[in-house]
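Take this structure first; my questions come after.
We did not get these values from a lab; they are worked out from the coordinates using the rules stated. The model shown is predicted, which means the values in this text are computed figures rather than measured ones. Cβ sites come from the backbone with ideal geometry, for glycine too, and all protein chains shown count toward neighbours.
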């Protein structure tokens with residue numbers, strides 16, 4: 001008799017054109033693993049079908065709605081899901097994408113998110129420097145690269161002196177500081193900013209800072225893959241000036257396109273530099289200044305990185321297998337998981 005495959009309910013729905021590529025690549029990598037069935041999220045799947053493990057990514061998205069009534073309905077459904085998980089003792093695996101709860105959420109949402117956290121069996125962290133609560137079980141699985149995702153997307157020739165930022169624009173990503181710092185750069189430098197701002201006010205602020213400087217190109221909208229690759233590949237340096245940077249898909253996207261990045265200096269980015277090479281991951285101590293941008297460009301011109309950054313540890317076949325291993329670990333009794341965690345590991349998925 002053939003054993004029933006392990007059924008995993010993911011917290012994301014079927015992918016759409018605007019879906020985070022990380023989610024799409026993760027789903028594909030898991031589906032390629034033997035003896036696993038992946039189920040994407042719908043309330044019908046979550047409440048009425050059978051599955052062995054729940055994998056949460058950004059659980060706050062389950063609680064949101066376009067209207068207050070729709071949000072309330074989804075929050076009531078989430079409460080029912082929590083009750084089902086508790087009664088059936090379904091293991092919950094949680095990928096820690098963000099360190100804090102989202103800003104601006106209400107008490108009901110905060111309560112539900114706290115309950116999801118309390119029911120979590122095993123956390124997946126994307127780097128070894130992610131803090132987890134005392135006594136919490138966790139496994140490190142690196143964020144996969146984007147090389148296959150962008151493989152067939154046309155690239156543009158690199159432009160000397162071109163700086164670039166791409167990705168969703170939120171206040172903590174500090175794009176305003178990049179535009180301010182760039183304004184003092186020499187005339188032969190240029191800057192391209194692409195991505196959808198989180199609010200109209202933020203878009204207006206960035207446009208105001210750029211003013212009539214024709215060296216600055218703004219594409220303040222959701223980027224297609226072609227637009228993103230065009231911006232990144234034309235750049236001599238991708239600058240991601242986040243005030244807080246812990247897990248950055250934008251950094252990996254730039255490195256997957258063989259472009260060096262300038263990022264804040266912290267323990268996560270120092271570890272990434274050791275992994276892929278210092279010449280690919282340039283770091284600065286805040287605040288970001290014109291001198292920092294000018295000096296980094298000068299260093300790149302004098303000694304550009306050669307070859308490609310080493311992203312071999314981020315192959316999606318490795319990432320997919322590590323996720324399935326985490327699901328099977330979460331299914332074991334707590335005592336067995338503790339023994340497994342204490343035993344020598346033949347292979348680690350970490351920096």
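Show me the three semi-axes of the equivalent ellipsoid for the chain, from the C-alpha gyration tensor (sqrt of 5 times each eigenvalue), largest first, rounded to whole Å.
Values for the chain, descending: 38, 24, 18 Å.
Once the Cα atoms of helix 225-234 and of the chain are each reduced to a long axis, what angle between those two axes, in degrees from 0 to 90 to the nearest 10, is obtained?
Value to nearest ten degrees: 40.
So, one more: Based on alpha-carbon centroids, what's the gap between segment 70-103 and segment 284-309 in Å, whole number please?
43 Å
Taking 0.36 nm per intervening residue step and subtracting the Cα-Cα distance, what contour gain separates residue 58 from residue 160 on full extension?
32.9 nm
Another question, then. How tilted is helix 290-302 with respect to the longest principal axis of the chain? Cα atoms for both, answer in degrees (0 to 90, nearest 10).
Helix 290-302 and the main axis of the chain meet at about 90 degrees.
Just from its helices, what would the mean residue ellipticity at 222 nm be for the chain, if runs of 4 or more DSSP H residues each count -39500 (n - 2.57) and the sum is divided by every residue, rounded to the nearest 500 deg cm²/dmol?
The helix-only estimate for the chain comes to -11500 deg cm²/dmol at 222 nm.
Hey, what did the chain get for relative contact order, percent, Cα under 8 Å, at least 6 apart?
Relative contact order comes out at 18 percent.
Turning to a different aspect of this structure: Measure off 7 Å from each Cα along the Cα-to-Cβ vector at residue 290 and residue 203, then give the distance between these two points in nanometres to one decimal.
3.0 nm
Sticking with this one: Quick check: pseudo-label points 7 Å beyond the Cα along Cα→Cβ at residue 98 and residue 325, how many nm apart are they?
According to this spin-label approximation, the distance is 3.0 nm.
Please state the Cα pair-distance histogram of segment 162-311 with 5 angstrom bins from zero: what percent is in each bin?
2, 10, 21, 24, 23, 14, 5, 1, 0
Please report the spacing between the Cα centers of segment 239-265 and segment 112-128 in Å, no decimals.
25 Å
In degrees between 0 and 90, to the nearest 10, how far off the longest principal axis of the chain does helix 107-118 point, with axes built from Cα atoms?
It works out to around 70 degrees.
Starting from the 7 Å offset along Cα-to-Cβ, what nm value, one decimal, do you get for the label separation of residue 153 and residue 265?
3.1 nm
Over segment 162-311, what is the relative contact order in whole percent, taking alpha-carbon pairs under 8 Å and six or more residues apart?
Computed over segment 162-311, the figure is 25 percent.
Quick one: length gained pulling residue 87 to residue 114 fully straight, 0.36 nm per residue minus the C-alpha distance?
Using 0.36 nm per residue and subtracting the Cα-Cα distance, I get 8.0 nm.
Same structure again: Along the three principal axes, how long is segment 169-237 when you take its alpha carbons, biggest first, rounded to the nearest angstrom?
Cα spread of segment 169-237 along its principal axes, largest to smallest: 30, 26, 20 Å.
How big, on average over all directions, is the shadow cast by the Cα convex hull of segment 44-163, in nm²?
Averaged projected hull area, Cα only: 11.9 nm².
Another question, if that's okay. Please report, largest first and rounded to whole Å, the three semi-axes of the ellipsoid equivalent to segment 221-264, where each semi-axis is the square root of five times an eigenvalue of the C-alpha gyration tensor.
17, 12, 9
Based on the Cβ-Cβ distance of residue 3 and residue 168, what FRET efficiency does E = 1/(1 + (r/R0)^6) give at R0 = 41 Å, to the nearest 0.05?
0.45
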